[in-house]
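Here is the structure we will look at, set down as structure tokens.
Computed from the coordinates by the stated procedures, all read-outs in this text should not be read as laboratory data. For clarity, every value in this text was computed on a predicted model and none was experimentally measured. Note that we place each Cβ from the backbone using ideal geometry, even for glycine, and neighbour counts take in every protein chain shown.
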Amino acid sequence: MSLEVRLKSKRDIPVRAGHPWVFSNALERDIQADPGTLVNILSDRGDFLGRGIYNPLTSIRVRIITRDPAVEIDQAFFKGRIQALTRMKTKYLPAETTAYRVVHGDADGLPGLIVDRYE
């Protein structure tokens, strides 16, 4: 069972609009969880809004990694995301490129993760 964070009334608007973060002041209440814990994000009415990485030590409490409730966050999830990013980025790189950033954290939907590929 995943831990859940519930948002205050009307604080779901940015998340529904695609914002990748949930700030501490948007939460109905903080939960007891270690940094890096996966949590489900719920609206004040209990609607599933996403799943993300919780951090009680920062004002950005949750960094969203999926908005699909059916997606399991496991090794296959990360492997698939990284493969898709690699395919997408290598299409635009010159053939002589020997190093590039495969994953750039929040910008690539994998908050907190940086992956560089070198020759």
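Per residue, the chain reaches -5000 deg cm²/dmol at 222 nm when only DSSP H runs of four or more residues are counted, each adding -39500 (n - 2.57).
A Förster distance of 30 Å, applied to the separation of the beta-carbon atoms of I60 and T97, puts the FRET efficiency at 0.40.
In region 5-52, Cα pairs under 8 Å separated by at least six residues give a relative contact order of 47 percent.
Just how far, in whole angstrom, is region 59-99 from region 1-18 if you go by their alpha carbon centroids? The two parts, judged by their Cα centres, are 23 Å apart. Cβ-Cβ distance of N25 and A107, R₀ of 30 Å, FRET efficiency by 1/(1 + (r/R0)^6): the value works out to about 0.80. Per residue, the convex hull spanned by the alpha carbons of the chain comes to 117 Å³.
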